[in-house]
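Everything on this sheet refers to the single structure shown next.
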Amino acid sequence: MPDTTTTLAVLRDAVRRFAAERDWEQFHSPKNLSMGLAVEAGELMEHFLWMEGEASRQIKLDVNRLGQVADEMADVAVYLLNLANTLDIDLSDAIMNKIAKNALKYPAEKYKGRHSVKDKDF
């Protein structure tokens, strides 16, 4: 099921069914899910710990390591989808709204090619 044909709704439903089949919804408080999300994000970061930026880009050339990173990314996504299900948040709307807010906060003409906002000139 590639990204080009799989919707968030399909993924959310798959995550919802997986949890329901195991009666895990009872454990899916926003607190627990947000904490689990942070733990999984930390496990994802471990794969890049102490690497320089360019070396981290080369992970995609190592099939084994890339598979491990993909597994951690999936764990992060599953926790996020479970949290969206628990809180009834439409992620597509939330993402598009956040992009619009960020476009206003960080106009392209002022931030193009810049990674830092501490030297903002307005």
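Each value in this text was obtained by applying a stated rule to the coordinates, not by laboratory testing. Only a predicted model underlies this, so the values are computations on that prediction, with no experimental measurement involved. Here Cβ is always computed from backbone atoms with ideal geometry, including for glycine, and neighbour counts include all displayed protein chains.
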For the stretch 43-92, state which chymotrypsin sites (Phe, Trp or Tyr not before Pro) are in a DSSP loop and have at most 10 other beta carbons lying within 10 Å of their beta carbon.
-> 50
Residues with beta-carbon under 9 Å from that of residue 76, excluding residue 76: net charge, scoring Lys, Arg +1 and Asp, Glu -1?
-> -4
From phi via Karplus (6.51, -1.76, 1.60), per-residue ³J(HN,Hα) for the stretch 103-110 in Hz, x at Gly/Pro = 5, 6, 6, 10, x, 4, 5, 9
Which whole-Hz ³J(HN,Hα) couplings does the stretch 59-74 yield from phi under the Karplus relation 6.51 cos²θ - 1.76 cosθ + 1.60, θ = phi - 60°, glycine and proline marked x?
-> 4, 5, 8, 9, 4, 5, 5, 5, x, 5, 5, 4, 4, 5, 4, 5
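As a footprinting exposure proxy, order 4, 86 by other Cβ within 10 Å, with the fewest listed first. The partial results should precede the final answer.
Values: 4 5, 86 17.
Fewest to most other Cβ atoms nearby, the residues stand as 4, 86.
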What residue among 55, 20, 38 has the largest mean-square fluctuation in a Gaussian network model of the chain, using Cα springs under 10 Å?
-> 55
Hey, what do the phi angles of the stretch 86-93 turn into as Karplus ³J(HN,Hα) couplings, whole Hz, using 6.51/-1.76/1.60 and θ = phi - 60°, x for Gly and Pro?
-> 5, 9, 6, 9, 7, 5, 4, 4
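About the Cα centre of the stretch 8-89, what is the dipole size in debye to 20, counting +1 per Lys and Arg Cβ and -1 per Asp and Glu Cβ, all else neutral?
Working: 8 positive and 14 negative charges, 40 e Å.
Computed about the Cα centre, the dipole is about 200 debye.
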Between residue 45 and residue 1, 0.36 nm times their residue separation minus their Cα-Cα distance comes to what?
-> 13.3 nm
Show that you can apply the helix-only estimate: for the chain, add -39,500 (n - 2.57) for every DSSP H stretch of four or more residues, divide by all residues, and state [θ] at 222 nm to the nearest 500.
-> -21000 deg cm²/dmol
Among the trypsin sites (Lys or Arg not before Pro) in the stretch 47-122, which ones are in a DSSP loop with at most 16 other Cβ atoms within 10 Å of the Cβ? Mind listing them?
-> 112, 114, 118, 120
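How high is the relative contact order of the chain, given as a whole-number percent (alpha carbon pairs under 8 Å, six or more residues apart)?
Details: 48 pairs, mean separation 43.5, N = 122.
That works out to 36 percent.
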The stretch 67-82 and the stretch 24-39 have their Cα centres apart by a whole-number Å value of 14
